[in-house]
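The values are calculated or read from the model by the stated rules, or taken from the named source; none is laboratory data. Given the structure is predicted, the values throughout are model-derived calculations rather than measurements. A quick note on method: Cβ atoms are made from the backbone with ideal geometry, for glycine too, and the neighbour counts reach across all protein chains shown. Quick note on the areas: whole protein, heavy atoms, side chains included, nothing else; ligands and nucleic acids left out. Shrake-Rupley method; radii C 1.70, N 1.55, O 1.52, S 1.80 Å.
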Amino acid sequence: AEDTIDSNLISRGIPAYVVERMSDDTKELIYADQALIYGGSSCLNYDEETGEYHAVGAISPHGNIDDDDLQLTFTTLYSTNPFTGELTSIRIAFDYEWLNTPNNRWDDPIAISWDDTSLRMDPGTFYRADYIDYRDPFTGVSESELVSSSIAPAKSFNAGVYWFAELSTVSSYYITESLHGHGTFTLEPSSFDGIEELNTIIYGYYIHK
């Protein structure tokens, strides 16, 4: 089933390296809405020791290097009116994955901002979830567990929204292998007249404390 979803997303123009970085939840969301058109992705990796980010691409000279601790994938997709071709909505998906357990495991803020003269958030479309992958030290069996989820952000404004990646879950028995999660919501034109062409920038932020 996962191979089928991956193949579908790739056939719709999403680069294979982006699909590989996406959470299962994000991939399933895109797969479930075949009308979504891929807009683009921004992929960054982070080294906690140096505090440095670097961009990752299909032919990136860096790729995933051993020192990378965190990977961030910010994706936009959009829908259009099939009769007029006008933009009807933009779907935002923000995925994070800690490849190595961070030294500081607090709740990291994630924020998205946009030009509110052109776009507004549909508040009923927000969803976020955080997961922990852990391994039993005796059996070697790995499992993924939902830490928390919410249909409401921590705060929303006319031109932005933010929520938190919950990283503080610990176990005295299991070995943490990965912390990962995602947030998603829909933006729509602020004008009911529709938008034939949108020239704007949507910003994504992840702040590790």
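Structure values in brief
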read-out: Extension gain (nm, one decimal) between Ser172 and Asn103, 0.36 nm per residue minus Cα-Cα; value: 23.2 nm
read-out: Sum of -39500 (n - 2.57) over DSSP H runs of 4+, divided by residues of the chain (222 nm, nearest 500); value: -3500 deg cm²/dmol
read-out: Förster radius 22 Å - calculated FRET efficiency between Ser79 and Tyr31, Cβ distance, rounded to 0.05; value: 0.90
read-out: Cα-centred dipole magnitude for the chain, charges only on beta-carbon of K, R (+1) and D, E (-1), debye, nearest 20; value: 480 debye
read-out: Exposure of Tyr173 as accessible area (Å², to 10), given a probe of 1.4 Å and all protein chains; value: 100 Å²
read-out: Acute angle (nearest 10 degrees) that the helix 2-11 long axis makes with the longest principal axis of the chain, alpha-carbon atoms; value: 40 degrees
read-out: Semi-axis lengths (Å, descending) of the ellipsoid that matches the C-alpha gyration tensor of the chain; value: 31, 19, 17
read-out: Of Pro82, Met22, Ser148, farthest towards positive along the dipole that unit charges on Lys, Arg, Asp, Glu beta carbons give the chain; value: Pro82
read-out: Of the GluC sites (Glu not before Pro) in the stretch 149-209, those whose Cβ has at most 11 other Cβ within 10 Å and which sit in DSSP loop; value: Glu196, Glu197
read-out: Amide hydrogen neighbours beyond the local backbone of Ser178, cut-off 5 Å, H modeled; value: Asp133
read-out: Residues His54 and Ser156, FRET efficiency given R0 of 41 Å [Cβ-Cβ distance, rounded to 0.05]; value: 0.85
read-out: Within the stretch 7-53, GluC sites (Glu not before Pro) in DSSP loop having at most 11 other beta-carbon neighbours inside 10 Å; value: Glu49
read-out: Global size of the stretch 88-182 as Cα Rg and Dmax, reported in angstrom; value: 16.0, 56
